[in-house]
1. Consider R220 carefully, then state whether it is assigned to a loop (DSSP other than H, G, I, E, B) and exposed (fewer than 10 other Cβ atoms within 10 Å of the Cβ).
2. Residues L120, L134: which one is surrounded by 10 or more Cβ atoms within 10 Å (Cβ to Cβ), of a type in the set (A, V, I, L, M) and touching a residue at least 40 places away in the same chain (Cβ under 8 Å)?
3. Mind checking which residues of segment 131-156 are aromatic (F, W, Y) and assigned to a loop (DSSP other than H, G, I, E, B)?
4. Could you give every pair whose Cβ atoms fall below 6 Å, whose first residue belongs to segment 250-277 and is assigned by TED's automatic domain parsing to the domain that holds W237, and whose second residue is of a type in the set (D, E, K, R), counting only separations of at least 6 or pairs across chains?
5. Please name all residue pairs, on different chains or six or more residues apart, with Cβ atoms under 6 Å, provided the first residue is in segment 206-222 and is among the aliphatic types (A, V, I, L, M) and the second residue is surrounded by 10 or more Cβ atoms within 10 Å (Cβ to Cβ) and not in a loop (DSSP other than H, G, I, E, B).
6. Does F147 qualify as being surrounded by 12 or more Cβ atoms within 10 Å (Cβ to Cβ) and over 39 Å from the mean Cα position of the chain (by Cα)?
7. Do we have any residue at all in segment 82-89 that's loosely packed, with under 13 Cβ neighbours inside 10 Å and under 16 Å from F147 (Cα atoms)?
8. Scan the strands (runs of 3 or more DSSP E) fully inside segment 54-130 and keep the ones with 1 or more residues being polar (S, T, N, Q), under 37 Å from the mean Cα position of the chain (by Cα) and assigned by TED's automatic domain parsing to the domain that holds Q39.
Amino acid sequence: MVPRIALHFTWLLLAVCVHAGSLLLQNPRFTITSSTAAQLRADTLSLTEKPEPLKLEPSDTLKLTFQITEKSEGKGVQPHQTFLRFYDSVSGEEGIQPVRVTPGGKAKFELNMARPPASLPPTTDHPLEVSLILGSFVHEPTTFDLFDLYVPSSYTPVPHPDEAKFHKLPLIHHTFRPEQKLPPKFVSAIFAALVLSPWLVLLGLWSKIGVRVPHLFSPRIIPFTVLLGAFEALLCWYWVDLKLGQVLLYGGILAIPTIFAGKTALAATGEWRTGKN
């Protein structure tokens, strides 16, 4: 019997806490004024039944006032978040506008159609459903449906210059050029012979002149000659297989001994020409 009474007491206490945490909307009232401050329409809102749809002209202003109170004590409270939601049920567009609430729970909101807020969704000839959303860590979140609102149709927004970049692009089809046709081997052989012909002419002229290089295999000349041959071999290797970075690396390594060997070879050649050796 005692556990059953305790269970009922717990549920009763929970219901009291939930009841105490509810929020109410007191004295919600709207006023529509023209650009000359003339009052066009004013009324108190009913939370059980929507009024006739409100309509704003391009220069009208809508003023909305209300107070948020606790249901249990009736004193004004300040929710952590208070928003007005403008929703177009036809297009599905919506806009959320925050509302400032005082510590005493009083709030005032103005919608000037001469300077509409950026949060107002694109509008057509369909009404916007306006509702009030209250969020709090202490009280239950609450939503109040206030009224339907007709506003002037908005202009078509100017497309952003980068908008096209975010559209779906056409499928990319890769096209490859046909393989390059090689010339006949006979033509390649003719041009290869033309490239090698200067060497044949050079060797023929040397044979006629009788060029003599008596010191070519001298110990002071042969290192320089071998290193020059290594450079020629490196260039041939580059033409066949190596990459440019590798050629620069190997060429830089070969350049160091080539400089010293060339200096020695030039010094020896100078001595032979002057007859010092």
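The values are calculated or read from the model by the stated rules, or taken from the named source; none is laboratory data. Given the structure is predicted, the values throughout are model-derived calculations rather than measurements. So basically every Cβ, Gly included, is an ideal-geometry build from the backbone, and we count neighbours across all protein chains shown.
1. For R220, the condition - assigned to a loop (DSSP other than H, G, I, E, B) and exposed (fewer than 10 other Cβ atoms within 10 Å of the Cβ) - is not met.
2. L134
3. Answer for segment 131-156, where residues must be aromatic (F, W, Y) and assigned to a loop (DSSP other than H, G, I, E, B): F137, Y155.
4. These pairs meet every condition: T264/R220; A268/R220; N277/E271.
5. These pairs meet every condition: I221/A265.
6. Answer is yes for this residue.
7. There is at least one residue in segment 82-89 that is loosely packed, with under 13 Cβ neighbours inside 10 Å and under 16 Å from F147 (Cα atoms).
8. Per the criteria, 81-87, 94-98, 106-112.
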